[in-house]
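Taking it in order: structure first as structure tokens, then the write-up.
The values are calculated or read from the model by the stated rules, or taken from the named source; none is laboratory data. None of these values were measured; they are calculated from a predicted model. Because the Cβ atoms are built from the backbone with ideal geometry, glycine has one as well, and the counts that use them run over all protein chains shown.
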Amino acid sequence: MQFKRIFLVILDSLGVGEAVDAINYDDTGCNTLGHVRENYDLFIPNLQKLGFLNTINMDENQSVEAYYTIARPTNPGKDSITGHYELIGIKSENDLKDFSQSGIPRELIDEIEKYTKKETIGNKNAIGSDIINELGERQVSNKSLILYTSNGSNINIAAHEDVISVAKLYDFCETIRKITLDNNFKVGRVIARPFNGKAGNFKFTNEMRAYAVNPPMPSVLTSLKENKYNVISIGKINDIVASVGISKIMKASSNNEAVNKLSDIMGKNFTGLCLCTLPDFDEAAHKHDIEEYGRLIEELDVEIPMLLNHLNNDDLLIITADHGCDFTIKDEHTRENVPVIIFSRSFLEPKRLEVFESMADIAATIAENFEQPKPIIGESFLQKLK
């Protein structure tokens, strides 16, 4: 075992340029980080030292303090599920339904209304609190359910907690999860979104709960947990894998909360893997908010020295992403390569690495480090780290 602890930090949506098959997704020319940088004067000296900006063009950085490269997506699709799956070594056939463009089918809505005995409203794609501020009053008046999608294979069900209790909303979502296991309606996640507040100022609560399909095959998380290694989830990864392979679950609904919990975990003595997804980038992208996206990157930069200081000599930190979301080009996720930053205090010669042919190379490296079976996809780069 080369590293006792590995920390995998996933920057939700922070792609660094079109993938080789981007044309198949009508995503030619996309580059989330590159276009944010063109439109916002980023000041990120700490990330820059790690080679973060060099991943945009894969140019040489002679004074870099970490290994850096990019990884190509090989799983089909460009959402959080397929991206996170690939990062943990799961090959996906992308048989999940995405209703974000077409709307939830009438047949499915009829089934949902039949089982919940509630009117449904919405049936649109939405991000953030816009949907509840648009439809919240109507939901409260009619005691209905707000149904919407949020760019990917999911169905969100929102209700005011004073009208439909959180426990009842969870019950509804469990039922809807069962309905959507039918292949015609199979989505990756059914998400309960309770909200509270008054008209004009409705807010989602922290009681969000996601009901995910089980992963289609074992991952590196599964083998680690089975062999008594710690597998700690901070943020959405637990929802994506339906808790399969996770030994400790920590909720985090914002970048700040996730980083704080990551810092706490770094102070603990354990052997294994900690995965931490930072969600706010994706929300800023779907809001088309360049200023917010740039500010979030700068906020992460400020936290980098603190995170690095928490690392022991036998720790490994990997920073990457799950997909792109170049909102300067289109209003949806984009098929992009992802940055890969690899840092350890023990490194003697950090430098640029050759492009990884799959995001699953990260999973293969984790597996080799902990002497676990090689995932079905991905090639380890562990031996390249000196």
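Could we say that Pro339 is crowded, with 23+ Cβ neighbours inside 10 Å, part of a loop (DSSP other than H, G, I, E, B) and modelled with pLDDT of 95 or more here? Considered against the rule, which asks whether it is crowded, with 23+ Cβ neighbours inside 10 Å, part of a loop (DSSP other than H, G, I, E, B) and modelled with pLDDT of 95 or more, Pro339 comes out as no. Restricted to the range 123-166, and to residues there that are in a helix (DSSP H, G or I) and within 26 Å of the chain's Cα centre (by Cα), the residue that is nearest to Phe99 (Cα to Cα) is Ile131.
Filter the range 44-78 for residues that are among the small types (Gly, Ala, Ser) and either within 30 Å of Ser150 (Cα to Cα) or touching a strand residue (DSSP E or B) at 6+ places or on another chain (Cβ under 8 Å) (or both) and give the result.
Gly51, Ala66, Ala71, Gly77
Beta carbons closer than 6 Å, at least 6 apart along the sequence or on distinct chains, pair a first residue in the range 245-260 that is in contact (Cβ under 8 Å) with a residue 24 or more places away in the chain with a second that is surrounded by fewer than 17 Cβ atoms within 10 Å (Cβ to Cβ) and assigned to a loop (DSSP other than H, G, I, E, B) for Ser253/Asn206.
Put simply, of Leu296, Leu273, Leu308 the only residue that is in contact with a Leu (Cβ under 7 Å, 6 or more places away or on another chain) and in contact (Cβ under 8 Å) with a residue 12 or more places away in the chain is Leu273.
Here is a check on your reading of the model: is Asp41 over 21 Å from Ile318 (Cβ atoms), at pLDDT 95 or above, out of contact with any strand residue (DSSP E or B) (no Cβ under 8 Å at 6 or more places or on another chain) and not hydrophobic (A, V, I, L, M, F, W, C)?
yes
Of Gly15, Gly89, all but one fail to be touching a strand residue (DSSP E or B) at 6+ places or on another chain (Cβ under 6 Å), closer than 19 Å to Thr277 by Cα and either modelled with pLDDT under 95 or buried (at least 23 other Cβ atoms within 10 Å of the Cβ) (or both); the exception is Gly15.
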